[in-house]
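Colleague: Here it is, the structure, as structure tokens.
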Amino acid sequence: MTLVAKNIAVERGGRVILKDVNFTLQKGQALILRGHNGIGKTTLLRSLAGLQPFVTGQVDADMDTVAYASHADGVKSQLSVWENLEFWAQTYGTDLSDDVLESFDIADLKTRRAATLSSGQKRRLGLARLAVLPSKILLLDEPTISLDAASVRLFADFITAHLAKGGSALIATHIDLGLPDVEELDLSPFVTSADAPNDGFDEAFI
Amino acid sequence: MIALLRRDLRLAIRAGGGFGLALAFFLIVVVLVPFGVGADMAVLGRVAAGVLWTGAILACLLSLDRMFALDFEDGSLELLVTSPLPTEGIVLAKAAAHWITTGLPLSLAAPVLGILLNLPPHGAVWMVISLLVGTPALSIIGAFGAALTVGIKRGGLLLSILVLPMYVPTLIFGAEVARRGSEGVALGSSLVMLCAISLLAVGLLPFAASKVLRINLK
């Protein structure tokens, strides 16, 4: 499953912030998005996930195989850990097994209500959702927020296994995940120049 | 879709889900009316249908702002929209869950509360029928309103102002069915119109609501 982005431009708050972004995400490949805060990593991922339209350009990928995980975990606090994952399994028509909980070290919390979880545990539950999905292309926005070093390793193991199965991942992160041979995509060359200084003449007034 | 419906129903009956709130609110509104209007049985019998319908509409409104707002806050709405579920299906499942937790119990409780308002027994039958036919329209119109206001902090009040005018046709024909039923006169076209409103709303509004939802998630 490959994802090819051609000359895409994305906007936030009515301003184009990245343009002429080109990259190819190959089967079995992980691509790390780099760039300072506010450069547009989240906006790019949201656009690729189909949550907002591109200004220009196009993306070649089978959208049914794309899964997106945002800053928020999307965990329902009144449901138990198992019920949360079960819902996503049913939505995507897959089976949920205890192995998923084991691999993210939340098997002990299976029947606990998500409201009682710590933020790191909640994050692991949010990431465990990805293991339930049949999706091949993962778009992950800061997946390691509030995770400790051990949990980051669990997550890296999951990504490695996912890549080995022929999946791919586009990850926005600031830390080193410790993944073997990943490629990086630095977004700074694609930043649009700041708005031209206003010389007192505004077309909108005409 | 079934999974989403089941999840929403489960959330509604869990602590803090708000199931029963609408019903309790309906009860209180209806009980307040005789205090305000006075205990004249003839007057109460005449206004019963209108009071029950107005009470049901206000009770429906109570839980609308939670429909998408809670999922929006914890991020699950974005995940749902990017899932293989069609957005129209998400709206329908949410509206169905809202109807099962408010519209349905309200319809079934109405004849019992009708006793307090001197609603005649044959009127109670038409009261239940009119509410059962009309409340699905309330839930789906409400879903559209909730989709419009989803990103807005404390959008509940705005939601009420947007949604209440849209409830007017349902209220007119719903109360008309119940009133004519309790007076024992021919229903005329009122029941047909009520059915038409519900069917049109259920058929068209999920598409509008899904479009609005996607715009609000941008």
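Colleague: Determine the pairs where a residue that is under 24 Å from residue B:49 (Cα atoms), located within the range B:180-209, has a partner that is among the hydrophobic types (A, V, I, L, M, F, W, C) and loosely packed, with under 14 Cβ neighbours inside 10 Å with Cβ atoms under 8 Å apart, the partner being 6 or more residues away or on another chain.
Modeller: Going by the 8 Å Cβ cut-off, the qualifying pairs are B:180/B:186.
Colleague: For the range A:115-159, give me each residue that is within 12 Å of another protein chain (Cβ to nearest Cβ) and in contact with a Lys or Arg (Cβ under 6 Å, 6 or more places away or on another chain).
Modeller: None; the set is empty.
Colleague: Further, regarding this structure: Could you tell me whether residue A:30 is under 16 Å from the mean Cα position of the chain (by Cα), at the interface with chain B (Cβ under 10 Å from one of its Cβ atoms) and crowded, with 20+ Cβ neighbours inside 10 Å?
Modeller: no
Colleague: Against the definition (within 14 Å of chain B (Cβ to nearest Cβ), touching a residue at least 24 places away in the same chain (Cβ under 8 Å) and not basic (Lys, Arg)), how does residue A:78 come out, yes or no?
Modeller: yes
Colleague: Also, I was wondering about something else. What number of residues in the range B:78-100 are more than 14 Å from chain A (Cβ to nearest Cβ) and either closer than 18 Å to residue A:66 by Cα or not charged (D, E, K, R) (or both)?
Modeller: Looking only at that region, the number is 7.
Colleague: Let me ask something additional. Checking residue B:115 against (1) free of Cβ contacts under 8 Å to residues at least 24 places away in the same chain; (2) more than 14 Å from every other protein chain (Cβ to nearest Cβ); (3) crowded, with 20+ Cβ neighbours inside 10 Å, only one condition comes out false. Which one?
Modeller: (3)
Colleague: Here's a check for you: in the range B:118-127, which residue that is part of a helix (DSSP H, G or I) and modelled with pLDDT under 90 is surrounded by the most Cβ atoms within 10 Å (Cβ to Cβ)?
Modeller: Here the answer is B:123.
Colleague: Ok, one more. Of all residues in the range A:19-54, how many are farther than 27 Å from residue A:165 by Cβ, without any contact (Cβ under 8 Å) to a residue 60 or more places away in the chain and assigned to a loop (DSSP other than H, G, I, E, B)?
Modeller: Number satisfying all stated conditions: 5.
Colleague: Please work out which residue is nearest to the other protein chains (Cβ to nearest Cβ), limiting yourself to the range B:165-213 and to residues that are out of contact with any helix residue (DSSP H, G or I) (no Cβ under 6 Å at 6 or more places or on another chain) and among the basic types (Lys, Arg).
Modeller: The extreme case among them is B:211.
Colleague: State yes or no: is residue A:58 more than 11 Å from the chain's Cα centre (by Cα) and within 12 Å of another protein chain (Cβ to nearest Cβ)?
Modeller: No; evaluated as a whole, the condition is false for this residue.
Colleague: Identify, please: which residue in the range B:169-186 is in a helix (DSSP H, G or I) and among the aliphatic types (A, V, I, L, M) and is, among those, surrounded by the fewest Cβ atoms within 10 Å (Cβ to Cβ)?
Modeller: So in the range B:169-186, the residues in a helix (DSSP H, G or I) come out as B:169-183.
Applying the additional criterion that residues be among the aliphatic types (A, V, I, L, M) yields B:171-172, B:175, B:177-178.
Details: B:171: 17, B:172: 15, B:175: 25, B:177: 27, B:178: 30.
So the residue we want is B:172.
The values are calculated or read from the model by the stated rules, or taken from the named source; none is laboratory data. Owing to the predicted nature of the structure, the values given are computational and were not obtained by experimental measurement. Virtual Cβ from ideal backbone geometry, glycine too; neighbours counted across all protein chains shown.
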